[in-house]
Amino acid sequence: MSAEEQKAAAGRAAIKHIRPGSIVGVGTGSTVNHFIDALAGMKHDIRGAVSSSEASTGRLRDHGIEVLDLNDADHLPVYVDGADEINRHLQMIKGGGGALTREKIVAAVAKQFVCIVDASKRVDVLGTFPLPVEVIPMARSYVAHELMKLGGQPELRSGFTTDNGNLVLDVHGLQIAKPIELERNINNIVGVVTVGLFAQRRADLLLLGTDNGVESITA
Ligand code: 5RP
């Protein structure tokens, strides 16, 4: 099975975790796009969606799914999103698509985080995928130097601006032995909006697309 087929299978599998009548938290990326396409099949059974990016908002609306402001969502039972890497504790690196800040906000509000990925995203130690950090533009150079002090090699994501009007530094060369500690340390650097480490708020359920079907894994 190709990685794309594994992503599609994981996206479809997430549908059975959506409660009829609820508002659905929707992440960003190619795996989530499969989930959104599957969600369209039950659009008359949900109240609407809260979206983590302009890209997902567009796709949801194209399917006729109402997109609500997070501030108007009284209760968000489930958030479905992909990841760039995920470890056995269901801690993740996210932000390959640059939507990390809104993703982290919606994930914080949701009661359950369902992560959907293909088998290639499963890792023993986080950090092979460069860690995205969203940065206020005027702090780019300062934050880059602070990230170097933590042992990383930050690289500006060229020609890219987030939905919030900020920059992304992709940090190479980190072997992330203590994800919660590193998440806290990077978030403490002045000028950092969000780090794409999702360790304090990790996933609750992993739906892993494999050649043998979709595995459900809890931490
Ligand atoms: C976007 C993300 C995505 O979830 C992550 O990049 C995975 O994307 P894909 O499903 O396309 O592999 O964090 O900011």
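The values are calculated or read from the model by the stated rules, or taken from the named source; none is laboratory data. Please read all numbers here as calculations on a predicted model, not as lab measurements. Note that we place each Cβ from the backbone using ideal geometry, even for glycine, and neighbour counts take in every protein chain shown. Quick note on the areas: whole protein, heavy atoms, side chains included, nothing else; ligands and nucleic acids left out. Shrake-Rupley method; radii C 1.70, N 1.55, O 1.52, S 1.80 Å.
Structure data summary
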item: Of all DSSP beta bridges in the chain, antiparallel share, percent nearest 5; result: 55
item: Cut-off under 5 Å, modelled amide H: who pairs with residue 171 long-range; result: 131, 133, 155
item: For segment 60-103, the fraction of alpha-carbon pairs in successive 5 Å shells from zero, as %; result: 5, 15, 19, 23, 20, 12, 5, 0
item: Residues of segment 1-103: accessible area per residue with a 1.4 Å probe, Å²; result: 41
item: Calculated FRET value between residue 66 and residue 216, using beta carbons and R₀ = 35 Å, to 0.05; result: 0.75
item: On Cα atoms only, tilt of 3-13 relative to the major axis of the chain in degrees; result: 50
item: Under 15 Å from the Cα of residue 111 - aspartates and glutamates, other chains or at least 8 residues apart; result: 74, 81, 103, 204
item: Among beta bridges that DSSP assigns inside segment 8-115, antiparallel share in %, nearest 5; result: 15
item: Cβ crowding within 10 Å averaged over residues, with 36-46, 78-88, 17-27, 94-104 ranked highest first; result: 94-104, 78-88, 17-27, 36-46
item: Ellipsoid equivalent to segment 22-164 - semi-axes via the Cα gyration tensor, in Å; result: 29, 17, 13
item: Stokes-Einstein D in µm²/s, Kirkwood radius over Cα pairs - segment 1-102 at 25 °C with 0.890 mPa s viscosity; result: 178
item: Scaled radius of gyration (Cα, divided by 2.2 N^0.38 Å) that segment 159-219 gives; result: 1.46
item: Heavy-atom accessible surface of segment 145-219: percent carbon and sulfur, 1.4 Å; result: 46
